[in-house]
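The values are calculated or read from the model by the stated rules, or taken from the named source; none is laboratory data. Bear in mind the structure is a predicted one, so any value in this text is a computation, not a measurement. Counting neighbours? That spans all protein chains shown, and the Cβs are built from the backbone with ideal geometry, glycine included. For accessibility, only protein heavy atoms count, side chains too; no ligands or nucleic acids. Shrake-Rupley method; radii C 1.70, N 1.55, O 1.52, S 1.80 Å.
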Amino acid sequence: MWFYLPSLFSPSFFPFFFSRMPEGPELFQASRYINAECAGIIFTGKVEKSEVSKNPEVPFESDAYRISAVSRGKELKLTLTPLPREGSKGRPMDLVFRFGMSGNFKMVPVSDMPKHAHLRFYTQGKPARVLCYVDTRRFGKWEVDGTWQADRGPCVMLEYEQFRDNVLRNLSDKAFNKPICEALLNQKFFNGVGNYLRAEILHRSNIPPFEKARTVLEELQRGLQVSGATLSRKVKLKRENPDLLEACHLLPMEAVNLGGGKGYDPTNREDAALFVEWLHCYSVPGMKSLRDANGRTIWFQGDPGPLAPKGGKSQKKKIQPKSKPAVQSSKAPKPRRDSTSSPAQKEVKGRRRLKLENGVTQKKEEEGMVKRARAPKSRSQKSSSDLQESSLLSSPPPARKRRTPAQKNQTKASAIPRSKRVKAS
């Protein structure tokens with residue numbers, strides 16, 4: 001599962017990056033951290049589980065016990081060993097952890113216990129401290145009285161010879177019909193390899209991610225059979241040009257030893273910066289990416305290989321430009337008008353708008369008539385206007401009605417002044 005991440009080279013990105021899924025190096029560092037922090041420390045009381053965790057309760061209680069840890073691939077075993085006391089019948093308990101996407105351990109004062117501490121082991125003495133299993137996303141699991149999972153192969157870091165032999169003896173397995181990038185995530189054969197490790201292993205070995213796994217690994221098998229070089233020559237060649245299986249061992253060891261490790265503490269930005277500089281391919285700007293059949297993103301350079309998904313478009317990682325900070329205006333924002341109004345108010349607004357629209361329309365029509373009158377006439381327009389004028393001139397004037405003698409006398413009488421009419425009377 002991949003989602004878009006900010007630039008790896010941004011300092012604000014470091015804490016986010018280390019919340020990604022832990023791989024073999026992270027589990028190994030966790031065991032080393034626990035052994036260093038818990039050396040000579042005596043723990044006491046019950047093991048406490050958070051209320052929100054869905055993992056099982058740990059039925060362990062002792063007045064005094066010690067804690068040690070060991071890792072194997074993507075698993076970590078925590079051993080709780082009661083101290084020998086008179087009348088004590090306590091027995092050791094093993095807790096096997098699988099970290100999921102964000103699991104890690106922290107030893108802190110009780111007052112500074114992290115928010116997502118889902119399993120807690122308290123120390124004796126004052127000030128009291130607590131070893132916490134912290135899991136922000138809660139995908140991690142623990143198993144009480146657990147053992148290493150039977151379907152996981154030897155660890156690529158700590159059991160290299162067994163790991164190599166397990167792969168080369170089982171090349172007929174159907175897991176190797178898949179692209180090499182998908183086979184590398186199969187914990188039955190590559191216990192401890194995860195998403196960032198597979199990208200770095202394939203890139204530094206110059207192997208296309210979607211080459212068939214069996215094709216790649218059979219070449220290693222044939223090379224061992226036909227090689228006639230001396231032992232010293234073989235050792236020198238391996239150091240100078242490690243093959244794919246050797247890279248599966250060497251690169252995790254490099255990641256572990258980067259200035260104190262890959263940054264086991266997510267708040268340690270110095271370790272985070274060292275790890276980012278160590279990366280050559282994984283989420284590096286300029287590299288291409290595709291999703292495999294399981295939906296996981298694989299980073300690579302060059303040709304993806306013959307088994308690349310059809311229709312999949314490779315995308316290059318781009319450096320995100322820094323966003324400019326928003327400038328706050330000194331002006332106070334204008335208050336928003338209330339959009340709610342009664343039906344009567346809406347009707348009045350509609351009438352006003354209609355009147356305004358009618359007025360604008362009428363004004364536009366008048367302006368258009370004036371423009372047409374002022375505009376020079378074309379030949380067709382002139383001929384039509386001339387015909388109209390000639391028809392008006394040729395038509396006879398309207399006939400005048402003849403007046404009767406009574407109407408004529410009435411007209412004359414109205415024309416005589418009032419004074420004369422009085423005298424005449």
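(1) out of contact with any strand residue (DSSP E or B) (no Cβ under 7 Å at 6 or more places or on another chain); (2) open to solvent by less than 40 Å² (accessible area, probe 1.4 Å): which one isn't true of F105, the others all being true?
Unmet condition: (1).
Yes/no per residue for (1) among the aliphatic types (A, V, I, L, M); (2) crowded, with 16+ Cβ neighbours inside 10 Å:
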{"site": "K126", "(1), (2)": "no, no"}
{"site": "C132", "(1), (2)": "no, yes"}
{"site": "D135", "(1), (2)": "no, yes"}
{"site": "F139", "(1), (2)": "no, no"}
{"site": "V144", "(1), (2)": "yes, no"}
{"site": "T147", "(1), (2)": "no, no"}
{"site": "V156", "(1), (2)": "yes, yes"}
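Look at the stretch 89-102 and say how many of its residues are open to solvent by 20 Å² or more (accessible area, probe 1.4 Å) and either under 14 Å from G45 (Cβ atoms) or in contact (Cβ under 8 Å) with a residue 24 or more places away in the chain (or both).
The total comes to 5.
Under the condition of being open to solvent by less than 20 Å² (accessible area, probe 1.4 Å) and among the aromatic types (F, W, Y), which residue from the stretch 263-287 is modelled with the lowest pLDDT?
F275
Across the stretch 152-196, what is the number of residues that are within 19 Å of R296 (Cβ to Cβ), part of a loop (DSSP other than H, G, I, E, B) and free of Cβ contacts under 8 Å to residues at least 40 places away in the same chain?
Qualifying residue count, the stretch 152-196: 3.
Would you check if E26 is open to solvent by less than 60 Å² (accessible area, probe 1.4 Å), closer than 27 Å to V256 by Cβ, modelled with pLDDT of 95 or more and acidic (D, E)? Even if it seems obvious, please write down each step before you answer.
Working: open to solvent by less than 60 Å² (accessible area, probe 1.4 Å): yes; closer than 27 Å to V256 by Cβ: yes; modelled with pLDDT of 95 or more: no; acidic (D, E): yes.
Judged against the criteria, E26 is not a match.
Mind checking which residues of the stretch 141-197 are touching a Lys or Arg at 6+ places or on another chain (Cβ under 7 Å) and aromatic (F, W, Y)?
W148, F176 - these are the residues of the stretch 141-197 that are touching a Lys or Arg at 6+ places or on another chain (Cβ under 7 Å) and aromatic (F, W, Y).
Okay, residues lined up against (1) among the acidic types (D, E); (2) at pLDDT below 85:
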{"site": "A213", "(1), (2)": "no, no"}
{"site": "L231", "(1), (2)": "no, yes"}
{"site": "K236", "(1), (2)": "no, yes"}
{"site": "D243", "(1), (2)": "yes, no"}
{"site": "E246", "(1), (2)": "yes, no"}
{"site": "G261", "(1), (2)": "no, yes"}
{"site": "S289", "(1), (2)": "no, no"}
{"site": "S314", "(1), (2)": "no, yes"}
{"site": "S323", "(1), (2)": "no, yes"}
